[in-house]
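**Q** Following this message is one structure expressed as structure tokens.
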Amino acid sequence: MALPLRTHLSWRRGDAGDPFELLRAVIRRVPQSAGAKPYSAGLVVLLSYELRHVLEELPGRHRSLTTLPDLLVIESRVTLVRDERTGEGRLNTIHGGESDPDYKTVLAQRDALRAALNAPRPRCDPKPISNRVLEAPSDAHHERRVQQALEHIRAGDIYQANLARRWTLERPSDLIQHHIHLRQANPPTFGAYLEHDGEALLSYSPEEFLAVDGERVSTRPIKGTCPRAADPVTDRNNQAALLASTKDRAELAMIVDVLRNDLSRVCRTGSVRVTAPLELETHPTVHHLVAEIEGHLAEGRDLVDLLRAVHPGGSITGAPRIRAMEIIDSLEAETRGPYCGALGWVGCDGRSRWNILIRTLYSGGGTLHLHAGGGIVLDSVPAAEREETTRKVAALLGHHE
């Protein structure tokens, strides 16, 4: 958990300046420290999917569902890092001593957080919070859109496109309590809760977008999903079927090629390699196929150059990426906003880590929006693609299959 010290940057499409250059300027002002793994303090950064308009000439036909900005940069100097395996926590504080203009504020935040941690904790109500669906997507409509994406693939326009659909839910009165319940049902590998100007983002993402440590960078795209099963034999059979799936293996291989190319734009020649071409990764409600690609940044290249090269992620766009995004825009009915963007931290020691904002809810006024998508390739079956999206959101809607 990172406590906000200040909001450095809140940028929306139409605002002045290049958001990536503005981000670079903020990163350069962050106090430097040796840090403490996995995260000491620094910046929390939200990158909307809609930043694609800054990087490429792409259509934008649809209305936004939220007032969350396309780029949000919040500085933190006080963080609580908890080891989920042991339950042990560590309170990190970074400041520049009494000459630091934020010195007193940082110490006050630290003391307030320490007092809150030592105070008696109210019991969390184990009863699930209602997650009433106000608007559900049409199954038939999604299957028609999958069929349209298949027509583009057969015509040679693309090899793959990630196509999503949206649910709209009633906004709970207590979003933090709601997040706690959803987190218990969906323990995330790269989850987050973020508030800004009355809106919120609740993420239970299983996907690591980027890990940066010095010159070394890596990405772990997910492609291929199957449900967990309570019966161990059925669960093992599901895993075996996913590992043997020609369609899912092809999806992953295509995205690995996209990301190898993306990393090669900013990494040293010859340094980009696939360290794990295909692995099975198990989560509380689903199994996924995952790959890992790594590289080493070229001299003169930095984190912002890397973000320009890889955002939005290949796993949630398609191949080739630019044409896939054009087709996605023509088939989906609204902007994705933060969905399929990225949320990350940039530490005071220069390291950073980012997720892909899938399995993510975000608020828009009195509602919450939830999207789910899947990669469409030549042998995709529309009904199966629709069913995959339903499986992905089942736990976040408050029920399991």
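The values are calculated or read from the model by the stated rules, or taken from the named source; none is laboratory data. Computed from a predicted model, the values in this text were never measured in an experiment. Glycine also receives a Cβ, built like all others from the backbone with ideal geometry; neighbour counts cover every protein chain displayed.
**Q** Go through the range 254-276 residue by residue and tally those that are under 27 Å from Thr390 (Cα atoms) and surrounded by fewer than 17 Cβ atoms within 10 Å (Cβ to Cβ).
**A** Qualifying residue count, the range 254-276: 0.
**Q** Suppose we filter the range 164-195 for residues that are in contact with an Asp or Glu (Cβ under 6 Å, 6 or more places away or on another chain) and either in a helix (DSSP H, G or I) or among the hydroxyl-bearing types (Ser, Thr, Tyr) (or both); how many remain?
**A** Adding up the residues that qualify gives 1.
**Q** Right, here's the next one. So, Arg145, is that one buried (at least 20 other Cβ atoms within 10 Å of the Cβ), charged (D, E, K, R) and not in a loop (DSSP other than H, G, I, E, B) or not?
**A** Judged against the criteria, Arg145 is a match.
**Q** Further question: Confirm whether Leu242 is of a type in the set (A, V, I, L, M, F, W, C) and over 20 Å from the mean Cα position of the chain (by Cα).
**A** So Leu242 passes the test.
**Q** Ala161: part of a loop (DSSP other than H, G, I, E, B), surrounded by 14 or more Cβ atoms within 10 Å (Cβ to Cβ) and either out of contact with any Cys (no Cβ under 9 Å at 6 or more places or on another chain) or not β-branched (Val, Ile, Thr) (or both), yes or no?
**A** Judged against the criteria, Ala161 is not a match.
**Q** Okay, next question. Name every residue in the range 203-250 that is aliphatic (A, V, I, L, M), touching a strand residue (DSSP E or B) at 6+ places or on another chain (Cβ under 9 Å) and loosely packed, with under 14 Cβ neighbours inside 10 Å, in order of residue number.
**A** Result: Ala241, single match.
**Q** Any idea which residue in the range 22-38 is surrounded by the most Cβ atoms within 10 Å (Cβ to Cβ), counting only those that are assigned to a loop (DSSP other than H, G, I, E, B) and at pLDDT 70 or above?
**A** It comes out as Val30.
**Q** Looking at the range 196-251 only, could you name the residues that are part of a loop (DSSP other than H, G, I, E, B) and either modelled with pLDDT of 95 or more or not polar (S, T, N, Q) (or both)?
**A** Within the range 196-251, Asp197, Gly198, Pro206, Glu207, Gly214, Glu215, Arg220, Pro221, Arg228, Ala229, Ala230, Asp231 qualify.
**Q** Separate question: Inspect all residues belonging to the range 102-122 and state whether any of them is at pLDDT 85 or above and within 23 Å of the chain's Cα centre (by Cα).
**A** Taking every residue of the range 102-122 in turn, none turns out to be at pLDDT 85 or above and within 23 Å of the chain's Cα centre (by Cα).
**Q** Still on this structure, please answer the following. Against the condition farther than 30 Å from Ala115 by Cα and within 21 Å of the chain's Cα centre (by Cα), how does Ser76 come out, does it pass?
**A** Here the answer is no, as Ser76 does not meet what is asked.
**Q** Ok, one more. Can you tell me which condition Leu306 does not meet? The list is (1) within 19 Å of the chain's Cα centre (by Cα); (2) surrounded by fewer than 22 Cβ atoms within 10 Å (Cβ to Cβ); (3) closer than 13 Å to Leu210 by Cα; (4) not polar (S, T, N, Q), and all the others hold.
**A** Single failed check for Leu306: (2).
**Q** Now, a different point. Anything in the range 53-86 that is in contact with a strand residue (DSSP E or B) (Cβ under 9 Å, 6 or more places away or on another chain), touching a residue at least 40 places away in the same chain (Cβ under 8 Å) and part of a loop (DSSP other than H, G, I, E, B)? List them, or say none.
**A** Correct list: Ser64, Leu65, Thr66, Thr67, Leu68, Pro69, Asp70.
**Q** Give the range 341-393 a look and list any residue that's within 16 Å of the chain's Cα centre (by Cα) and under 30 Å from Gln32 (Cα atoms), or say none.
**A** Correct list: Gly341, Ala342, Leu343, Gly344, Trp345, Val346, Ser352, Arg353, Trp354, Asn355, Ile356, Leu357.
**Q** Do we find that Ile322 is touching a residue at least 12 places away in the same chain (Cβ under 8 Å) and buried (at least 24 other Cβ atoms within 10 Å of the Cβ) in this structure?
**A** no
**Q** Restricting the first residue to the range 377-392 and requiring it to be among the aliphatic types (A, V, I, L, M), which pairs with a second residue that is at pLDDT 95 or above and assigned to a helix (DSSP H, G or I) meet a Cβ separation below 6 Å and a spacing of at least six or different chains?
**A** Final answer for the pair search is Leu378/Ile153.
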